[in-house]
Amino acid sequence: MGKTLDIVAATASDYRARAERRLPRFLFDYIDGGANDEVTLAANTTDFSKIRLKQRVLRDVSLIDTSTRLAAEQVRMPMALAPIGLAGMMSRRGEAQAVRVANNAGIPFTLSTVGICSLSEVKDASNKPFWFQLYMMRDREAVKSLLQRALAAGCGTLVFTVDLPVTGMRHRDTRNGMLTNSLVGKVGKVRQLVVRPGWLKDVALGGKPHTFGSLAALVPDATNLNAFRAWIDAQFDPSVTWSDIEWLRSIWPGKLLIKGILEVDDAISAAGIGADGVIVSNHGGRQLDCVASTIAKLPAIAATVGAKLEVLVDGGVRSGVDVFKAVALGANGVLIGRPWIWALAGGGSSGLTDLLATFQREFEVTMALTGVTRVSDISAELIDSAG
Ligand SMILES: Cc1cc2nc3c(=O)[nH]c(=O)nc-3n(C[C@H](O)[C@H](O)[C@H](O)COP(=O)(O)O)c2cc1C
């Protein structure tokens with residue numbers, strides 16, 4: 001018997017527990033897991049929790065404004081939803097649900113290249129521009145056509161992910177039989193499915209079609225993680241260099257954010273090719289294990305390129321307090337990955353709505369208790385080195 005669920009989910013980790021109960025094991029682990037020994041996955045969150053803040057009092061915090069700008073858009077708080085592949089396998093038409101919730105919360109949603117819902121389905125669900133994430137594929141004509149469709153769908157910001165020239169070693173997927181076509185793998189998968197009738201009815205049957213919406217013409221069935229992985233290995237282009245990003249810059253008229261930067265030199269190169277921003281990211285600990293946490297890498301990058309580029313960070317942000325810490329350490333804003341997909345998988349649109357409201361409120365309360373009323377007043381002064 002697992003832990004009894006609380007009556008009301010309050011935090012990202014509460015939604016994680018709900019997602020675990022709702023999803024077949026292989027899908028839960030696909031979200032939850034990281035690369036190799038998951039050292040970086042753990043560091044991303046523990047390093048956030050080690051940061052101490054200063055409690056400051058008697059500063060009139062009756063009027064607090066959490067709004068700011070990200071990629072030239074007005075946002076209600078400095079946070080966006082990170083691209084998550086296969087979101088439509090975790091919750092019925094997951095990307096369309098998430099964009100609606102993000103719209104209402106006043107924050108950007110990023111559609112993954114490998115989303116289940118297509119650009120046009122997300123556009124139809126959305127009442128404002130959303131961000132589109134791109135992986136470079138070998139077929140540059142396919143890339144161009146994807147970007148044209150993103151522009152036509154009203155995407156003003158392109159998030160170009162650079163930390164996946166090859167897929168990281170995710171051992172949970174192997175253990176769950178996801179990377180084998182053997183009989184043992186198939187039987188194991190069926191056993192994981194039959195104990196999740198709610199997901200089977202709502203998502204597996206009710207949430208069809210399960211193709212990669214924006215790539216439907218190119219990719220096999222999205223329900224087979226093994227085939228998905230094989231397709232990525234065959235089609236994602238590991239030969240990409242900065243000159244390809246220059247090409248991308250030349251054909252993309254909107255904002256360009258380079259996602260997956262962890263070193264100062266790479267951030268400087270991103271500024272050199274005319275990117276508008278970088279996302280300090282280690283892909284949520286899913287790619288190179290044993291790299292440092294993103295929050296540890298953020299300050300040096302922000303100090304070096306922050307005057308030229310927008311600097312965002314993701315990895316391990318689990319609350320509005322973490323959002324505050326990231327901004328204090330030099331970020332213009334953060335992206336959250338697992339928290340939003342856990343909430344959507346575990347609690348549907350209302351779960352995600354509640355979780356985003358909690359992040360907003362936590363951020364606001366943290367501002368009040370550190371004695372600041374505007375996002376631009378949040379600085380490293382509010383980090384306590386005594387901790
Ligand atoms: C299940 C899952 C799927 C992801 N898919 C993508 C993707 O398609 N494109 C991408 O750029 N990043 C992808 N990421 C990485 C996230 O965008 C983000 O960098 C990461 O989740 C941030 O860490 P966090 O989960 O600790 O918030 C994925 C992450 C997870 C957990």
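The values are calculated or read from the model by the stated rules, or taken from the named source; none is laboratory data. Bear in mind the structure is a predicted one, so any value in this text is a computation, not a measurement. A quick note on method: Cβ atoms are made from the backbone with ideal geometry, for glycine too, and the neighbour counts reach across all protein chains shown. The area values use the complete protein model at the heavy-atom level, side chains included, leaving out ligands, DNA and RNA. Shrake-Rupley method; radii C 1.70, N 1.55, O 1.52, S 1.80 Å.
Descriptive notes on the structure:
- From the list GLY198, GLY213, GLY206, the one residue that fits, being touching a Gly at 6+ places or on another chain (Cβ under 9 Å) and either closer than 24 Å to PRO165 by Cβ or of a type in the set (Gly, Ala, Ser) (or both), is GLY213.
- Filtered residues of the stretch 72-88 (kept if open to solvent by 10 Å² or more (accessible area, probe 1.4 Å) and among the aliphatic types (A, V, I, L, M)): ALA72, ILE84
- Hey, LEU63 at positive phi and either open to solvent by 60 Å² or more (accessible area, probe 1.4 Å) or basic (Lys, Arg) (or both) or not: no
Per-residue answers, yes or no, for (1) among the charged types (D, E, K, R); (2) closer than 28 Å to VAL311 by Cα:
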| residue | (1), (2) |
| --- | --- |
| GLN97 | no, yes |
| ALA102 | no, yes |
| ASP124 | yes, no |
| ALA152 | no, yes |
| HIS171 | no, no |
| THR174 | no, no |
| THR180 | no, no |
| LEU183 | no, no |
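- Test: residue in the stretch 43-53 that is within 14 Å of the ligand (Cβ to nearest atom), surrounded by fewer than 17 Cβ atoms within 10 Å (Cβ to Cβ) and at pLDDT 95 or above: yes
- Residue check for ALA142: assigned to a helix (DSSP H, G or I) and either among the polar types (S, T, N, Q) or within 15 Å of the ligand (Cβ to nearest atom) (or both): no
- Verdict on SER319 being polar (S, T, N, Q), more than 18 Å from THR110 (Cβ to Cβ), crowded, with 22+ Cβ neighbours inside 10 Å and at pLDDT 95 or above: no
- Single residue of the stretch 220-250 satisfying the filter (farther than 21 Å from VAL114 by Cα and of a type outside the set (Ser, Thr, Tyr)) that is most open to solvent (accessible area, probe 1.4 Å): GLU246
- For the stretch 280-319, the tally of residues that are without any contact (Cβ under 8 Å) to a residue 60 or more places away in the chain and either outside any strand (DSSP E or B) or away from the ligand (no atom under 13 Å from the Cβ) (or both) stands at 13.
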